[in-house]
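Read the structure below first, then the notes.
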Amino acid sequence: MKTIVGVIMFCFFQVGIGLGQNNNQSEAFKEYPEAKKEVKQALDDIENYIRNNETDNLIAMHAYGPKFTEFEVGGMRQGSKENEDFERNFLGTITEVEKWNWDDLQINVFGGDVANVTFHSDFKFSRDKEDYNMQMQGTLLFVKTDQGWKIVHEHLAPINQE
């Protein structure tokens, strides 16, 4: 009798674990269409801030602090200060944007408040009299805050052109 009770308890335990895993999996695949639209709007805002040299608004799209990280072109991990310096001193000095395309854009939202954005950049722009053609693969990690969607991680790397 103890064996039968033990087997039944074991089966219930296994079913419970399986159901719990299915709930976690279903959350990973759940779609959040409204949140996706909000994140896409944040990307459009970023483009407009760059086009219009609204550097302070561009900076405000980031959740700078101890959890902010960035990887850029194979370099070591950087934090808030380095990212803000780049945003102000490079992106903030763009004088003309010819093209700003987020190619192969994918926005994945998790739990309704975290978004992983991946893309291939096809950006053509000028700074002073120097022209740039940025074709990179990128990842932006957004978190939804009381002030809207904010970037907490950036990763840009060259696209292998083979």
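The values are calculated or read from the model by the stated rules, or taken from the named source; none is laboratory data. Predicted model only: the values in this text are computed from it and were never measured. Reconstructed Cβ throughout: ideal geometry from the backbone, glycine too, with neighbour counts over all protein chains shown.
A quick yes/no check of all residues on (1) modelled with pLDDT under 95; (2) in contact with a strand residue (DSSP E or B) (Cβ under 8 Å, 6 or more places away or on another chain); (3) farther than 16 Å from T145 by Cβ:
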| residue | (1), (2), (3) |
| --- | --- |
| N23 | yes, no, yes |
| A42 | no, yes, no |
| Y49 | no, no, yes |
| Y64 | no, no, no |
| F71 | yes, yes, yes |
| G74 | yes, yes, yes |
| K81 | no, no, yes |
| L91 | yes, no, yes |
| W102 | no, yes, yes |
Out of all the residues in the range 106-123, which are within 12 Å of the chain's Cα centre (by Cα) and in contact (Cβ under 8 Å) with a residue 40 or more places away in the chain? I107, V109, F110, D113, A115, V117
Which residue is surrounded by the most Cβ atoms within 10 Å (Cβ to Cβ), if the candidates are limited to the range 43-59 and must be under 17 Å from the mean Cα position of the chain (by Cα) and among the β-branched types (V, I, T)? I46
Testing K40 on (1) under 16 Å from L141 (Cα atoms); (2) more than 14 Å from the chain's Cα centre (by Cα), one condition comes back false. Which one is that? (2)
D146, sole failed condition from (1) crowded, with 18+ Cβ neighbours inside 10 Å; (2) among the acidic types (D, E); (3) out of contact with any Leu (no Cβ under 9 Å at 6 or more places or on another chain): (1)
V152 being in contact with a Phe, Trp or Tyr (Cβ under 6 Å, 6 or more places away or on another chain) and either surrounded by 15 or more Cβ atoms within 10 Å (Cβ to Cβ) or of a type in the set (S, T, N, Q) (or both): yes
Considering only residues that are surrounded by fewer than 16 Cβ atoms within 10 Å (Cβ to Cβ) and charged (D, E, K, R), which ones fall in the range 104-123? D104, D113
